[in-house]
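Participant: Just passing along the structure, written as C-alpha cells.
The values are calculated or read from the model by the stated rules, or taken from the named source; none is laboratory data. Note that the structure is predicted; figures quoted are calculated from it, not measured. All Cβ positions, glycine included, derive from the backbone under ideal geometry; neighbour counts span all protein chains shown. Ligands, DNA and RNA are excluded from the accessible area calculation, which covers all protein heavy atoms including side chains. Shrake-Rupley method; radii C 1.70, N 1.55, O 1.52, S 1.80 Å.
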Amino acid sequence: LAEPSAIRALHPSGTRRAALIVVADDEPAAKLRLASPIVDWLCGDDRLPEPLASCARISSADGAPAVHLPAAVTTAVDEVASWLADDPRAIAAFVGPRGVGRRAAAHRLARALGRALIDAPLDKLLELEKKDRGKQLVPQLLTQARLRGALVYLGEIDSLWSDGKDPDPIVMRALADHPAPFAIGAIGRGGANLPFGRPVHAVRMPRVDLEDRERAWMLAVSDAALAAELGGRYVIGPGAIAEVAAEAAAHAASRKAQLDRNALEDAVARRLSIRLGAFGTLITRKARFDEMVLPDDVVETLHDMIAMVRERSQILERWGYARHLGLTRGVSGLFSGEPGTGKTMAASVVASELGLELMRIDLSAIVSKYVGETEKNLGRVFDQAQDAHAMLLFDEADSLFGKRTEVKTAQDRYANLEVNYLLQRMETFDGVSVLTSNLEGSIDNALLRRLNFRIRFPEPEAEERVLLWQKLLPPETGLHAQVDFLALANKFEMTGGYIKNAVVRAAVIAARDGRVMTPDDLWSGAHHEYAEMGKVMPTETRAP
C-alpha cells in the first residue's frame, strides 16, 4: 500500500513537494497528470522551466568557470567530494565572504563527483516565491536536479534567517528529504545554523592573501604587471575577480574597445557599490588637495594616510608587518578641530585620491533605544562597507565614540557595551574609516590608541584666511581684482566653513536686489555671518 503521505498528495489540497504530478481540483474524482516541466524533460528539453530559469543555471561537469582557488581550498573541496560520494545525506557548506569563490568551489566539487551543477542563489528563489505564493521553487529545483543527477548549489543560504523569522517549513522539509548530496554557500556572519538533520562538511574560505589575488588577476587578464597592481589595490576574492574581468571584457567588446585598466577599474567600482539605506548617504563631491588651505604638517599627514592605504599590501603582506605585529588592513583616523576647519573636506580629498566611495554615516539612524539594535546597525554598516571597499565618515563621532563611564545604571552599562562593540569592529574592519569631532578629549582613550592617524585641524591664520576667501569666491563673479582680501581676513577671524557661508550670503544679497555682486556684498555677508557666530560688531562693515 502507498504511504499515507503519498495518498494525501492525491487530494486537491494535498502537498506535492516534488512537483511531479498535478491534481485537478474541479473533478469529483482525482484526475492526475504529469507536471509540464516533467513532460518537457521527458521529451528531451533539458532547459530549466520558468521561473527557475530566470535565476538558476546548469553547468556540465566540465563547464566550471576559470577561477583561481587557493591550494588549501582545493584540497578541502576534494576531501569533501570523497565524503559526499560515500554519504548521500551529506551537505557541503562553503563558508566565506562574498566574492571569495564559493561558486567556483561548488563547480570543482561537482566535477569531482562527475555531476552537472545547478547553481541557484537562494535569496532570489525566495523572492520569486514571495511574488507567487503558489510556486514552491526550492522543491521544484531539487526535483529538476534529481531528474538530471545534478548537484545543487544553493548560494546565500543565510537568507533563510535574514528577516528574523523561522524559515519556510516547506523549504526546510525539501532540503531535509532530498535523497542526494547538495552544496550551500554561506557568509557565516552570525553563525547561521543548519537544522536539516544531515551531516555538514564545511569548507572555510577566508579572504585570500596578496599572492592568490595576483594569481587570480593573472588568470583573468594575462598581464603580470596589471595583475600585481590590481591585486595590491583591491582586496576582492577570486570569484569576484573572475566576474569583474568577464563584465569588463563584455563591456569593452560592446564598445569595440580594448580591455584595459580603466575598464577593469570601472567594473570593480560597479561591483563595489554600497547599500546602507537610511544609515548613510553618499558624498558625491570629491574635493582636491589644491582646493584646501591647511598647514603643511596637516597636508603631509593626509598624504601619509593615503600612502598607508595604497601601500598596505607592500607593508603588511610583502614586508610581513601583518604577521609580525598582528596588524589588519584597516586604516583609521580622527580629524579634530573647530567647526569649519576642513575636516569633512579633507575626508573627501582622501576618498578622491584613493578612488573610494565616501559614505557619511547618519548616527541618529544608527543609535537605537532598543538593547542590541545599535550594535546590529553598526555591524551592518561595517559589513557593507567592507564588502564594498567604501570609506566611512562618522561626523560628530564623540556622540557615539564617547568615553566609557562608571556603571551606575543599566543605561550606562548598555552605552559602554556599544563603545566596546565599536572598538572591536574598528580593529577588525579592513577598510578606511574617518571620525570627525570638535572635542577630541571626549573620545574614548581606548579608541584613540587604536587609530592610525590623529590629525588636528587648527583655525586658519590671517594669510590662510586670505587664501580661503580667494578660493571660495567663484571666478565667475569677476571680483577678485576689486576685493581687498587681506582686509577681510584681518577684520573677520573665521574658519573656512564660515567664510563659505559669508560668500554664499553675499550672493543672496546681490540676487535679492537683482544686480551683480559687489565688494560691499562680501563685507555685508561677512558681517552677517560674524554676527550669527556670536561675534557681533558695533556697526556693519563696508569695503574700504
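Participant: Considering the options Ala242, Leu219, Ala253, tell which one lies farthest towards the positive end of the dipole of region 200-264, charges being +1 on Lys and Arg and -1 on Asp and Glu at the Cβ, about the Cα centre.
Facilitator: Result: Ala253, furthest along the dipole toward the positive end.
Participant: How big is D for region 99-217, in µm² s⁻¹ as a whole number, if Stokes-Einstein is applied with the Kirkwood radius of its Cα pairs at 20 °C and 1.002 mPa s?
Facilitator: 139
Participant: Would you please give the residues with an amide H less than 5 Å from that of Thr341, counting only those at least 5 places away or on a separate chain, with H modeled from the backbone geometry?
Facilitator: Gly497
Participant: Something else now. Just report the Cα centroid separation between region 45-91 and region 119-168, whole Å.
Facilitator: Cα centroid of region 45-91 versus Cα centroid of region 119-168: 16 Å apart.
Participant: In addition: Given the convex hull over the Cα atoms of region 32-191, what projected area results after averaging over all orientations, in nm²?
Facilitator: Result: a mean projected hull area of 10.2 nm².
Participant: No solvent, one uniform scatterer per C-alpha: report log10 I(q)/I(0) for region 198-355 via the Debye equation at q = 0.08 1/Å, two decimals.
Facilitator: The calculated log intensity ratios at q = 0.08 Å⁻¹ are -0.32.
Participant: Can you tell me the mean projection area, over all orientations, of the convex hull of region 117-184's alpha carbons? Units nm², please.
Facilitator: Orientation-averaged projected area of the Cα hull: 4.3 nm².
Participant: Calculate one ³J(HN,Hα) per residue across region 73-89 by plugging θ = phi - 60° into the Karplus curve 6.51 cos²θ - 1.76 cosθ + 1.60, and present them in order as whole Hz with x for glycine and proline.
Facilitator: With coefficients 6.51, -1.76 and 1.60, one gets 6, 5, 5, 5, 5, 5, 5, 4, 4, 5, 5, 5, 5, 9, 9, x, 8 Hz.
Participant: Name the residues whose placed amide hydrogens come within less than 5 Å of the amide hydrogen of Asp430, ignoring near sequence neighbours (fewer than 5 apart) on the same chain.
Facilitator: none
Participant: Here's another thing I want to ask about it. Semi-axes of the equivalent ellipsoid of region 283-402: what are they in whole Å, largest first, if each equals the square root of 5 times a C-alpha gyration tensor eigenvalue?
Facilitator: On the way: eigenvalues 122, 96, 35 Å².
Result for region 283-402: semi-axes of 25, 22, 13 Å.
Participant: Give me the Debye-computed log₁₀ of I(q)/I(0) at q = 0.12, 0.15, 0.21, 0.23 Å⁻¹ for region 180-252, equal point scatterers on Cα only, no solvent, two decimals.
Facilitator: Ignoring solvent entirely, the Cα scatterers give -0.48, -0.65, -0.89, -0.98.
Participant: Okay, next question. For region 61-125, compute Rh as the Kirkwood radius over C-alpha pairs and then the Stokes-Einstein diffusion coefficient at 20 °C and 1.002 mPa s; write the answer in µm²/s, rounded to an integer.
Facilitator: 172
Participant: Percentage of Cα-Cα pair distances in region 444-544 greater than 18 Å, rounded to whole percent?
Facilitator: For region 444-544, the fraction of Cα-Cα distances above 18 Å is 49 percent.
Participant: Another one. Hey, what do the phi angles of region 107-115 turn into as Karplus ³J(HN,Hα) couplings, whole Hz, using 6.51/-1.76/1.60 and θ = phi - 60°, x for Gly and Pro?
Facilitator: 4, 5, 5, 4, 5, 5, 8, x, 10
Participant: Enumerate by residue number the trypsin sites (Lys or Arg not before Pro) in region 132-182 meeting two conditions: DSSP loop (anything except H, G, I, E, B), and at most 13 other Cβ atoms within 10 Å of the site's Cβ.
Facilitator: Arg133, Lys165
Participant: For region 428-434, just list the computed ³J(HN,Hα) in residue order, Karplus coefficients 6.51, -1.76 and 1.60, θ = phi - 60°, integers in Hz, with x standing in for Gly and Pro.
Facilitator: Result, rounded to whole Hz: 8, 6, 8, x, 10, 9, 10.
Participant: Quick one: Kirkwood hydrodynamic radius for region 328-392, alpha-carbon pairs, angstrom, one decimal?
Facilitator: 13.5
Participant: Enumerate the amide H contacts of Phe457 below 5 Å, restricted to partners 5 or more residues apart or on another chain; note that Pro and chain-start residues carry no placed amide H.
Facilitator: When sequence neighbours closer than 5 places are left aside, the close amide H contacts are Ser336, Gly337.
Participant: Structure shown: which of Lys369/Lys535; Lys135/Lys165; Lys131/Lys165; Lys286/Lys500 lie over 28 Å apart, alpha-carbon to alpha-carbon? Let's see the in-between values first.
Facilitator: Working: Lys369/Lys535 38 Å; Lys135/Lys165 20 Å; Lys131/Lys165 18 Å; Lys286/Lys500 17 Å.
Correct reply: Lys369/Lys535.
Participant: Okay, next question. Let's see if you can work this out: charge +1 on each Lys and Arg Cβ, -1 on each Asp and Glu Cβ, no other charges. What is the dipole magnitude of region 425-509 about its Cα centre, in debye to the nearest 20?
Facilitator: 180
Participant: Within 10 Å of each candidate Cβ there may be at most 13 other Cβ atoms; applying that plus a DSSP loop requirement, which GluC sites (Glu not before Pro) in region 438-544 survive?
Facilitator: Glu461, Glu540
Participant: When ligands, DNA and RNA are left out and all protein chains stay put, how many square angstrom of accessible area per residue does region 249-366 have with a 1.4 Å probe?
Facilitator: Values: 6120 Å² over 118 residues.
With all protein chains present, region 249-366 gives 52 Å² per residue.
Participant: Okay, moving on. Evaluate the charge dipole of region 458-499 about its Cα centre and quote only its size in Debye, nearest 20, assuming +1 on the Cβ of each Lys and Arg and -1 on the Cβ of each Asp and Glu.
Facilitator: With Lys and Arg at +1 and Asp and Glu at -1, about 120 debye.
Participant: Roughly to the nearest percent, how much of the accessible area of region 172-238 is carbon and sulfur, given a 1.4 Å probe?
Facilitator: Ligands and nucleic acids excluded, carbon and sulfur reach 52 percent.
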